[in-house]
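The values are calculated or read from the model by the stated rules, or taken from the named source; none is laboratory data. As the structure is a computational prediction, the values presented were derived from the model and not from experiment. Methodologically, a virtual Cβ is constructed for each residue, glycine included, from the backbone with ideal geometry; neighbour enumeration extends over all protein chains shown. When the accessible area is computed, the model is the full protein with side chains, heavy atoms only, and any ligands, DNA or RNA have been set aside. Shrake-Rupley method; radii C 1.70, N 1.55, O 1.52, S 1.80 Å.
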Amino acid sequence: MDLIHPTDQAGVVEAMRAATTVGMRMRIVGGRQHMDTGATGEIGTELWTTALDRVVAYDPAEMLCVVEGGMRLGDLRALLADGGQEWPVDEAGSATVGGVIAADAALPRQLRVGCLRDTVVEMTFVTGDGRRIRSGARTVKNVTGYDLHRLLTGSLGTLGVITQIALKVRPLPKATRTLVTREGGIELASLLLDACPLPAAVVAEHDRVLVRLEGWPEEVAEQARLANEVAVLAEDDPAAWREPPFADATTVARAAVVPSRLAACVEGYERYRALLGVGYVWIPCDDEQALGQLRERAASLGGIAPVVRGPGGVGAADPVTVAIGGRLKAAFDPANILDPGRAWSA
């Protein structure tokens, strides 16, 4: 397989146009953290974005950082930490900024920091046929046109190559605590979520509940006091709540349902990890039958269950979703060279 390592946007444009001309199937690669999500068949070449790793601009006072799409998260964290700030993404340090956005990676702290797409205020990307497009703006008053940067979020590299992003960053919390219960389950986690105002995360498993608290010291202390009125909680490893779920499993799906339906989604499962108030739940699947059953349940609850580790892809979609995806694919990648079949545009 051929590998392409462009060092600037012009190199990406050239590679896209060349691949379109000859009909070469291509996969966009960043930190290789989400390669299984929607993975499909044979690809002729890979375009790696990791050489696009420059800082374009960073102004801590404006709480805005502009970087190229191949910047590693570890490098970005170090840069922002010097300014007392963070981009609230808890993926591995080897992941790239563009890859995290293309995969629409789940934010464990979404209850407090919001959705990933809301942190992207401007994006430059190159379409499958080599057009350079900019969407959004670094200042609100300059925003015009369609929010194409939101469309690219979660597109899995099937619509274009993310080359540059302006990120909205936030101050690092002054205090943090990670608490864990002796028992688990959605019911207990729901009680803790109701009792504790604005936690960073409430993570339910079958045998424990993790509560992540962040903010000012007085705020965190009050949150912990209220949580302990519901259940006995002990201090836990600060990194426990963001560990990759079920590292021993070959196939893991991430179901997404309305938060109020999480209990119905996990009913009968002995192993799961659910984000209360968000609606995500990770469940290991032993085989295709187990994956199919999970997807049927998620669909019955109005949700989806794409695989995030192992074989299985994103699963089936309704005809309307496929039709809309197909029209978008035709508009941004008319030669269908970017990982055809990976997303619901197939």
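Around PRO108, under 11 Å between beta carbons, what's the net of Lys plus Arg minus Asp minus Glu among the other residues?
Details: positive: ARG109, ARG112, ARG212, ARG242, ARG273; negative: ASP90, GLU91, GLU243.
Neighbour charge sum, excluding PRO108 itself: +2.
Provide the gained length on full extension for the span THR21 to ALA290, in nm with one decimal, where the gain is 0.36 nm per separating residue minus the Cα-Cα distance.
Working: separation 269, 0.36 × 269 = 96.84 nm, distance 4.18 nm.
Going from the current span to full extension adds 92.7 nm.
Using a probe of 1.4 angstrom, how much of the accessible area of the stretch 256-317 is carbon and sulfur, in percent? Mind dumping the intermediate values first?
Numbers: 1460 of 2990 Å².
So the carbon and sulfur contribution to the accessible surface is 49 percent.
At 1.4 Å probe size, with the rest of the protein present, what percent of the exposed accessible area of the stretch 49-174 is carbon and sulfur atoms? Walk me through the numbers on the way to the answer.
Values: 2430 of 5010 Å².
Answer for the stretch 49-174 is 48 percent, counting heavy atoms of protein chains only.
Taking only protein heavy atoms and a 1.4 Å probe, what accessible area per residue, in Å², does the stretch 2-171 have with all protein chains in place?
Here the residues of the stretch 2-171 average 42 Å² of exposed surface.
Starting from the Cα of VAL56, move 7 Å in the Cα-to-Cβ direction to define the label point; list residues of the stretch 150-174 whose amide nitrogen is under 19 Å from there.
150-155, 157, 159-170
Rounded to whole Hz and in sequence order, give me ³J(HN,Hα) for the stretch 149-165 from the Karplus expression 6.51 cos²θ - 1.76 cosθ + 1.60, θ = phi - 60°, writing x for Gly and Pro.
Once rounded to whole Hz, the list reads 5, 6, 5, 6, 5, x, 7, 6, x, 9, 10, x, 9, 7, 9, 8, 9.
Need one number: % antiparallel among DSSP beta bridges in the stretch 2-171, to the nearest 5.
Numbers: 24 of 31 bridges.
Antiparallel: roughly 75 percent of the beta bridges in the stretch 2-171.
Count charges around PRO306 for me, please; just the other residues with Cβ under 13 Å from its Cβ, Lys/Arg as +1, Asp/Glu as -1. Write down the numbers at each step before the final one.
Numbers: positive: ARG254, ARG295, ARG309, ARG342; negative: ASP36, ASP104.
Taking every Cβ under 13 Å from that of PRO306, the sum is +2.
Of all trypsin sites (Lys or Arg not before Pro) in the stretch 153-235, which ones are in loop regions per DSSP and have a Cβ with at most 16 other Cβ atoms within 10 Å?
Details: sites: LYS168, LYS174, ARG177, ARG182, ARG208, ARG212, ARG225; in loops: LYS174, ARG182, ARG208.
Sites meeting the loop and neighbour criteria: LYS174, ARG182.
Calculated from DSSP H runs of 4 or more alone, at -39500 (n - 2.57) each and per residue, what is the 222 nm mean residue ellipticity of the chain, nearest 500?
My calculation for the chain gives -8000 deg cm²/dmol from helical runs alone.
Membrane-span-like helices in the chain: DSSP H runs reaching 15 Å or more (Cα, own axis), mean Kyte hydropathy at least 0.5? Write down the numbers at each step before the final one.
On the way: long enough: 9-22 (20 Å, 0.60); 217-228 (17 Å, -0.85); 288-300 (18 Å, -0.86); 319-332 (20 Å, 0.96).
Helices meeting the span and hydropathy rule in the chain are 9-22, 319-332.
Ignoring ligands, DNA and RNA, what percent of the 1.4 Å accessible area of the stretch 175-242 is carbon and sulfur?
After summing per-atom areas, the C and S share lands at 53 percent.
When DSSP beta bridges are limited to those with both residues in the chain, what percentage is antiparallel, rounded to the nearest 5? List each step's numbers first, then the result.
Numbers: 51 of 59 bridges.
Here the share of antiparallel DSSP bridges comes out near 85 percent.
What list of ³J(HN,Hα) values in whole Hz, one per residue of the stretch 170-183 in order, does the Karplus curve 6.51 cos²θ - 1.76 cosθ + 1.60 (θ = phi - 60°) give from phi, with Gly and Pro shown as x?
9, x, 5, x, 6, 9, 9, 8, 10, 10, 9, 8, 8, 10
Under a crude label model (7 Å from the Cα following the beta-carbon direction), how far is ALA316 from VAL258 in nanometres?
It works out to 2.3 nm between the two label points.
Quickly work out the TYR146-to-MET63 label distance, labels modelled 7 Å from Cα along the C-beta direction, and quote it in nm with one decimal.
About 3.0 nm separates the two model spin labels.
Roughly how many Å² is the accessible area per residue of the stretch 175-242, as a whole number, for a 1.4 Å probe?
On the way: 3220 Å² over 68 residues.
Normalised by residue count, the accessible surface of the stretch 175-242 is 47 Å².
Any idea what the relative contact order of the chain is, in percent, if you count C-alpha pairs under 8 Å spaced at least 6 apart?
Numbers: 764 pairs, mean separation 64.4, N = 346.
Across the chain, relative contact order equals 19 percent.
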